[in-house]
Amino acid sequence: GKTEHSFILCRGGLAERLCRLQNRERSAISFWRHQCISDDKTPSDKSGVLIVKILEIFEECTIQVAICQQLEQSPATLPPEDAVINAEEPILKVLFTRETAAHLKSRPQDVIHIYPPWQKLLLQNADVPVIMNTYFSQKVLLSEHSEAREKTYGLTKMPIRKNVISLAQTFRLDDLDDKLHQEHSDNQVACAPQIRNNGDSKQHPLALSAVNDSLLEMVESQGAVGWREVQVRVVIQRVYCLPARGGCRSHTQGNKPLLSNGGMFCRLCLLVQDAYGMFSEVQLQALSSTDDVEQYCRRWEGKSCCLAGMKVLQRTTRGRALGLFSLIDSLWPPVVPLKVPGQSQDSEMMTTNLPPPSFCYILTVQSGEIHVEVDEEEQISNLYQPPAVHGLKEILRIDGCNERCSFWAQVLYQRLQTKHNVPVDQRDILLFVTDSTLQNVVHGIPKVVAVSVTASCVLSTEIREALSAGSRLVFFKDALWGNGRIICVERTVLLLQKPLLCLAAGADLSELTGPVRLDELDSTTQASSICALRGTVVGVNESTAFSWPTCDRCGNGKLELCPQDGDLLYCNQCSEVVTTPVLKMQLEVFLSCPSRSQSTVKVKVWHEIRVALFALLTRLLFLQTYEVQSVLGKEVGLLSCYVHSVTSHPNCVALEEIVLL
């Protein structure tokens, strides 16, 4: 067996002694095989050797089982398939470990020499003896014909039948769910982002395979390399996109490039759960568009599906995948009783008092396999847990850390966070949002909260365009709350439509009807927030004042002189002459604010003036003569501002006037 190197063994304990024994055993086997190769492939000592001819091979619980016929002696000159076998020779069931089977590469009609210390086990109510401890085994090639056969067949891997023994069969449970072992109906549709099998298209490859209901049993019985002839039935709890690790623009999977999300490459993923409560993340191929995520969420979440053609990409634990397990924890405990391995499935024996999962298998598809079937016409599974929608006021009162939350909010303002040496498409975005639960609060809770959207959160093109166009209601599904912040991370999905299935959780989800109110600047205002500002102008920083013309059609601020007429301005983006440019001016003013009487309040304000071309040059030339006295002493109404910084030494607040979406 394999030892788990992440554990420290107790010195002198049973586990340490077992580990040493296993190491000695592996060394002895390796030395014996090396000696066989050095001694012309066949050990000279024949005493106690069991000689068998393989009749049939299959796999069960990772052990290769060979039905064999015992031979009195190995044929001297004939190839194994021509050996004369006495019908009275006994039939044996020989067990080979996975490592031994991989070394032998046995096929039916092969002759195997099994050297001591093999053991024979006689079972009650069974006529066929079982041969165990077959580590010292060797396949015998007796002629050039056999060697040619070995070279020929060695090029192709022989498919071996795998018998899947369910836990219910192992513990002889009587109330098996027969529906899990029936063929799927014809109205099932295969997953869209898939690579179809190159085999016979008339016969569905999943229709003939057995159906299991345990992810753990499937992985343990089929191994990490994948399963093809069996499938496991699970419930889709969540659908989302993940950025591909280490993605670059040349990254591909098979013959399909992974979808680019602003320079990152993404793939569709499913978080599934089986009847025993175990979760797995299934990573599928790329979508043609990130906008497809919304339709897959609507069509697939809550439905049962069958997985086949999977392989284990990784076995991850809570400490290595906090984001994944925060999502799993939000779906725990289950809303219905779970099956318990090894116990009766009577209702009184089912229990939801189980600890949350401590590990999770990351599954991926095997190329060339049809791997996911979702029955879209089936009713929503009772195991499915839709997102519980809360009001923002309730979320801000959650005491826990790294808690997943879902909410419906209006986006008021977005800002790209500044990071040096980071491409624009990989920077975090700050979204300032509110809802009716915050707008109706008088004191104690902010009227607007910031939501940080990290670069690892995949945003659809539809969401990006909607946020750029104006104020929109957005559904935030499975965002992360902790340390006073709401963050959209991996596995968070932003949608423009609220899911059909969601739990209101007692929250007030009514839409805003009146104008949006912001918190006024005061002593509690923090940096990277937005607020309303009022005060009196007490100074102007003339050295930072400047203005520039922009295109009145597209807003391009880099206008040029027209090549044909030097008196006209030209826009390269519109490829047209600009006759009525918009003059933008920036001015930095100092305010006296009663709410921060001890602080210097510095505000960067913007002005736009639509001017005719003949007046533009005049304004630009004489801008510096603008009388500061006309600004000083003026009262400033409620300005919407973004807070750049708040410092105590010196006591200063730096803000910038903004326009809400």
Among the listed pairs K393/K604; K93/K120; K105/K162; K93/K162, those beyond 21 Å (Cα-Cα)
K393/K604
Surface accessible to a 1.4 Å probe, I160 within the full protein complex, Å²:
40
Assuming R0 = 30 Å, can you tell me the calculated FRET efficiency for the pair N353 and V422, based on Cβ-Cβ distance, to the nearest 0.05?
0.05
Residues in region 306-323 reached by a label modelled at N382 [backbone nitrogen below 20 Å; 7 Å Cα→Cβ]
306
Per residue, accessible area of region 550-608 with a 1.4 Å probe, heavy atoms of protein chains only, in Å², comes to 56
When the accessible area of region 523-616 is split by element with a 1.4 Å probe, what percent falls to carbon and sulfur?
50
Percent of accessible area on region 350-486 owned by carbon and sulfur, 1.4 Å probe?
46
Just grab the label-to-label distance for S597 and Q119, each label 7 Å out from Cα along the Cβ direction, in nm (one decimal).
9.0
What is the extension gain from E462 to D399, computed as 0.36 nm multiplied by their sequence separation minus the C-alpha to C-alpha distance, in nm to one decimal?
19.3 nm
FRET efficiency (M585, W332; Cβ distance; R0 45 Å; to 0.05) is 0.20
Any chance you could look up the accessible area of K46 with a 1.4 Å probe, heavy atoms only, rounded to 10 Å²?
100
I'd like the FRET efficiency for I91 and T62, computed as 1/(1 + (r/R0)^6) with the beta carbon distance as r and R0 of 30 Å, rounded to 0.05.
0.80
Could you pull the Cα extents of region 537-581 along its three principal axes, largest to smallest, in whole Å?
45, 21, 15
In nm, to one decimal, how far is the modelled label at K46 from the one at R11, with both set 7 Å along Cα→Cβ?
5.2
Give the accessible area for H34 in Å² (nearest 10); use a 1.4 Å probe, count only protein heavy atoms, and leave out ligands, DNA and RNA.
120
Between L473 and N440, what is the label-to-label distance in nm when each label sits 7 Å out along the Cα-to-Cβ direction?
1.5
Kirkwood Rh, angstrom, region 392-495 [1 / mean 1/r, Cα pairs]:
14.1
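The values are calculated or read from the model by the stated rules, or taken from the named source; none is laboratory data. The shown structure was predicted, so the numbers you read here are calculated from the model rather than taken from an experiment. Note that we place each Cβ from the backbone using ideal geometry, even for glycine, and neighbour counts take in every protein chain shown. Calculation scope for accessible area: heavy atoms of the full protein, side chains included, ligands and nucleic acids excluded. Shrake-Rupley method; radii C 1.70, N 1.55, O 1.52, S 1.80 Å.
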